[in-house]
Structure formats: C-alpha cells, structure tokens
Amino acid sequence: MTDEKARKVASAPAFESPRKPSPAERAWEENTLKPTLAKSPDRAADFTTVSSYPIQRLYTEADLADSNPERDLGAPGEPPYTRGIHPAMYRDRLWTMRQFAGFGSAEDTNRRFRYLLSQGQTGLSVAFDLPTLMGYDSDHPLAEGEVGKCGVAISSLADMEALFDQIPLADVTTSMTINSPAAPIWAMYLAVAEKQGADWRKISGTLQNDILKEYIAQKEYIYPPEPSLRIVTDTIEFGAKHTPKFNPISISGYHIREAGSTAIQELAFTLRDGIEYVEHCLRRGMQVDDFAPRLSFFFNAHNDFFEELAKYRAARRIWQNVMRERFGAKNPRSWALRFHSQTAGCSLTAQQPYNNVVRTAVQALAAVLGGTQSLHTNSLDEAWALPTESAATIALRTQQIIAYESGVTNTADPFGGSYFVETLTNEVERGARDYIEKIDALGGMVAAIERGFPQREIADAAYRYQVAVDRKEKIVVGVNDYVVNEKPIETLHIDDTLAGRQGDRLRKLRADRSNAEVERRLNSLRHAAVGDDNLMPHLFEAVKAYATLGEICDALRQPFGVYQEVAIT
Amino acid sequence: MPEKKIRVLIAKPGLDGHDRGAKVIARALRDAGMEVIYTGLRQTPEMIASAAIQEDVDVIGLSILSGAHNTICARLMDLLRAKGMTDVTVLIGGIIPEADIADLKKSGIAEIFLPGTTTQAIVDFIRQRVAAAHPGA
C-alpha cells in the first residue's frame, strides 16, 4: 500500500458499527454492479469531496442503521434544528440577500449601497479597507497604497456619517465586517443611529467582531488574545443591555475555509471559537440565556455541494447540543444556530471568469438548501479586482433566481432523509466533535492558537489541496483542464487620489474639533482599559468627540500591547 | 560538488494578512529543493529589501492580494536598485488586475503569477531564471 493510500484509509470515517448491507443491496452489488464494473471500470480509484473526504459509491439504509430520525433530525424549528431553525423556513420569509460592498471613500460606498438597495437587496454589508481593519487612520504611513483599496476608508465618525447618508438605520439591517477595531467602529455606527433618531433597541445588524479566527486564519489582529477577548466580551455585554436586536458577533468559519481548511476543520474551529466566547461571557458573570440568542455564525459556501449541505446541518445539531449540555442554556433561542453564508472567494478563477457565475450559483444553492439566514454571492471578476457594478448585479440576480425561479424554497430542508446527506451530516458532525475534543484537551482555543494547532492543520490542508490540483487529481475547469486563450475582462479601478483627499479631510477634522475634549475622552478610555470597566461607553464618548479610529486604537495599544505571530509554513 | 541551492525570500508586504498563497508557495519551493525564507506578515519594502540583502537571495516572491501592488512594488524596486541588487529576480503572486501588469513588468518585476498558477510553473520559472543569471554555475 502506498503512503498516500494509507493516509486516505486512515482518514476514512469510522462507522460506529460495521456497515451491514441488506440482502437486496448485496444482490445488487453481485448481480448488477459487478458485471457493469467489469465492462466499464470507475473513472478513478477514489472519489472524494473538495476537502478530500472519501465518498462511498452508494448510500443506503445500511448507512443509517444507528440513526433515529426523531432524535437526530426533529422537525424544522425544533431541536436539534438539523432541518432548519424556522418551522416554515423560506415559505414565510426568504433569507436576507446581503451583498458585501465597500471601496474608495465613504461617499463612493454610500452610492453603491443606495444602488444595491434600489435593486432589491435587503440588507447592507460593509467592507472596510485594510488601514481601517488594522486600526490605522488613512494618513498613517503604513496606510500608503491601501486606502480605499479593498474596502471603504473609515477614520472617524465624520466618515461613518457620510457612509450612511440618506440611509435610515432604523429601517435597514447592517453587517460590518470588522474585527480588531470592531468596538470603536460599532460605537461610530451607534452614534450615527443616535443622530438619525433611530432607537438603539430597534436597530438590527451584525458586527463580525470575531478575533479568534483572525489569529487562526485571516491575521488582522492588533492586540494579543486576552485583551482582545475582553473587548469582545465588552461588546457582547453592552449589546445584551442596549441593542437587543443587534448581533454583537458573527463567529466565522468563512476565513478559516478561505485559508485552506477542510469543511470539517471550518466547522470545528468555528464552533470551538464560539465555545471560547461563551466561556468568557460566563466568566464575566453573564447568564447564558441573556446573550446566547444573539450569537450568530458565518460559514463559507464552497464547491462541494453535499459536503457543504452536511456542514450546515451538522453545525446546527452540534451547537444546540453544546448550548444545552455544555452550558445549560434553557432558552430555545440560545440553542438555535443562525448563520450568514458567503460563496467561496478562493474557488473563483482568474481564467474564464464567466465560469465563476456558475460556481457561485452552485455554492449559493448549497447555502440555501442548508438553511442559511443570509447570503452573499461573489462576483465573477473577484479573482481580478473588487467587483464592478454590473458584476455585483449578476451576483445579486443569482440569489434572486434561486429564490424566485428554482423552486427550492417551497419546502423546508428538501434533502432531509437522503441516505447520503444524513450519513454525511453524521460523519461531518463526528469529525468536528473530534477536533473540538482535541482543542478542549489542549486547554481551549487560545491555548491551541498559541501552540499553532489550528494554523498548522489549515496550512497542511491548504498544501494538500494545492498538490492535488497541481497533479490534476482535482480538476479546476479553465485552470488545469479545459484551458483556452482569452481576452481580459474589464475591472473596477480604485482612484489613487483618495488617500490624499482622506488626508485633507483628517487634517480639517483635527482642526475643527475640540482637541482638549478628544484628549479627555482618550484619557478616560486609557483609564478604563487598565481597569475593568466596560469599554463601550468610553468608546462611544470618544467617537462622538471625533477622536479618530487610529487615535482610539493607539490609546488601547499602550495598555494592551500588540500581537506578533510566529509564522507556520 | 553539491549544486548550490536556490535561495528565495517569500514576503508578505502591506497590511493584508491573507497568507495562504505565501505559505503554500514557500512549502512548494522548499519541496522542490530550494532554500526558502518566509518573512511573515506586514513587511515594508524597506524590511523586504534588507532581508533580501542579508539572506543573499536569488529570488524575492511577493504575495499581494490587497490592491496595494503598484505602491509597494515601485518602492521595493527603487530600494533594490539603490542597494545595487539588480540581479535578484522579483516575482509577484496574487490578485493583480490585467491593466497593471505591463507597468509592473516595466518596473523590473520578472513575472506575475495569478490565481490558478501551478506551483510547478513557478518552480520551473525560478529555475530557468536563476540558471540564466548564473550560466555555468
């Protein structure tokens, strides 16, 4: 047996009891299958998912001998929520079509938002540029060349006001993809809401605010894990008191998957991150049912249709069990895992970019059939640049075609009961639970991150996948097969003069505001940071005085320190 | 006499933290028998240029997905010229719009590898370049 073969066998699912095919299945294998294979053998020795998970030739009732539909599936809207968290699923309400957008200045992005809303999009989702994500103002030396490039530049409340100009925050839901500086950015959003007269108790949306997956995968961190987790806990606590309809965190597997993980790793590391956040809130003295209903999740929608479907169904089942058994939650809303999904950016190809529309449609379909609460579909040109308006429109239309034309929304969990889907759901659950136990044994996720455990698992999986593509064991259409010569497509160009204009704007802001007031507010923030006050009220006062994001993050860099990773290659 | 190993610096400039590509390439080049130094995240062009000198590399591979390539590469190429490192091969891997490729090559970038490039294509390119730069070595 080759090493490669041995590895595959070793990672094959361990069935709880040996598979016992029925006499009818054995007869089929003997009398029908074997003669066919003798004439026409399989195309390959192994059939695996995009995550290299082995898939059987056929699934039958023999694979579900140990299962109990009442216990393992239940009904839609009832625990264990395998079939979805709403009793009617998409018959009463479709998922939120939430296209992630942001580029250039606050004004540029405001125009794109208002366009998307006019085209039937139902929620906003803000992409911030890298300086903002790293807590630097647009005029910081390290921001050079990055201002407005992969998202919108937001350096102060003045930018946030321009971003939501003429968009009533009382009526839209807004998702903000920001992590290390999530708390000050959220404070800016709350300040805009207050200025518009929107009631904090009624505004809704989601803050990504998931710092653990930054250490694991996306690497946009500022402070070390412990102070970072304190800030996250502050936001969850503040939200539970003041913004009962806002999700203060979106615990994200998306970036873990984009970094190259398998589906099972994505699921396991995300849920284990969720456990870590819950533990921090409990240590703070909060009651689980006071905050758990507002924890939300974010998963990738990758190419392998059934593996993704199984992942979403397993996610709900594991989380309800974790909340009930591990944390003793009593409120069913604490048990139900709500999630956003986004199609897989890493699956898009620069080659033959129109093929990406098809990939995205298949991925989006898996997310919908997996019961997603909201969805972003990528644009066909994103292996080249940020999307043009026309590419972003096709991406939104893809969701609308699934919603209104495909018929998949007519019934809840259409694949429920499929031998294959139920077996794969069980196996993905088992694989994820094994990882969760391993991380528990390491002392939790922060300890695991410090030892490089999830980072190494992901790097290994990413490399294995690349090798499989290079060897053509995995075919990527237009990349390692069906290759053609082609003409380039038109892409979005981001204005390079923005950094200069943002710099002028910041100089004017610093001249017009009361710098004594800013200093006073930053001092109170520093003071709170060394003590154990919740930071949110201090951040709110600082942003209202027009302290910039960079000034605020610097004020916290002093007491908290900055994080440096040990790179694993 | 054993053949001298090709030395490659894989660098991740700018604020972006998406390091999947950089790490996969680092590993692939190492598996192909090259000596690979990975800088880690958030390197300025100054840090990359001085690491390249210190490590005496034949090749610098930059991983950039954030759209900041024009600014970063212009500065790095100026620094390398100023330090007399004109024989080092500079490559980019990442998300680079078609419209920017010609200017990047004009500035001295040897090749730009877009998503979908096989690791073998990069290994082959580096071997050819280094062989051409040191004939008879």
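Fewest neighbouring Cβ atoms within 10 Å first, the residues A:471, A:464 line up as A:471, A:464. Database remark: amide H of residue A:175 closer than 5 angstrom to the amide H of A:124, A:125, A:126, A:206 (H placed geometrically; neighbours at sequence offset of 5 or more, or on other chains; Pro and chain starts carry no H).
Between amide H atoms placed 1.01 Å from N, distances below 5 Å from residue B:111 occur with B:92, all of them 5 or more places distant or on a separate chain. Remark: A:212, A:525 ranked as A:525, A:212, counting other beta-carbon atoms within 10 Å and listing the fewest first. Averaged over peptide B:93-103, the number of partner chain Cβ atoms lying within 10 Å of each residue's Cβ comes to 4. Across peptide A:142-154, the mean count of Cβ atoms from other chains lying within 10 Å of each residue's own Cβ comes to 5. Shape class of chain B from the Cα gyration tensor (axes a ≥ b ≥ c, square roots of the eigenvalues): rounded, since a/c falls below 1.5. Taking square-rooted eigenvalues a ≥ b ≥ c of the alpha carbon gyration tensor, is region A:500-560 rounded, prolate or oblate, where a/c under 1.5 means rounded and, failing that, a/b exceeding b/c means prolate? Prolate. Sorting A:488-501, A:308-321 by their mean Cβ neighbour count within 10 Å, with the most densely packed peptide first, gives A:308-321, A:488-501. Note on residue A:219: lysines with a C-alpha under 19 Å away, same-chain residues under 8 apart excluded, are A:149, B:12, B:23. Note: relative contact order over region B:7-132, using C-alpha pairs below 8 Å and six or more positions apart, is 26 percent.
If a helix is a whole DSSP H run, which ones in chain A reach 24 Å or further along their own axis (Cα) and hold a mean Kyte-Doolittle hydropathy of at least -1.0? Within chain A the helices that satisfy the rule are A:225-242, A:263-283, A:305-321, A:419-442, A:453-470. Per-residue mean of foreign Cβ neighbours for B:65-75 is 5 (Cβ atoms of other chains, 10 Å radius). Based on a Kirkwood Rh over C-alpha pairs, give the Stokes-Einstein translational diffusion coefficient of region A:15-79 at 25 °C and viscosity 0.890 mPa s in µm²/s. So the translational diffusion coefficient is about 167 µm²/s. Ordering A:47, A:164 by the number of other Cβ atoms within 10 Å of each residue's own Cβ, fewest first, gives A:47, A:164. Its alpha carbons considered, region A:341-474 gives a radius of gyration followed by a Dmax of 18.3, 49 Å. Summing Cβ point charges (Lys, Arg +1; Asp, Glu -1) relative to the Cα centre of the protein assembly as shown gives a dipole of roughly 520 debye. Treating each Cα of the protein assembly as shown as an identical point scatterer and summing with the Debye formula, the log10 of I(q)/I(0) at q = 0.05 Å⁻¹ comes to -0.24. From the alpha carbon centroid of region A:321-382 to that of region A:486-560 is 32 Å.
No lab work stands behind these numbers, since they all come straight from the coordinates. Predicted model only: the values in this text are computed from it and were never measured. Cβ atoms come from the backbone with ideal geometry, glycine included; neighbour counts cover every protein chain shown.
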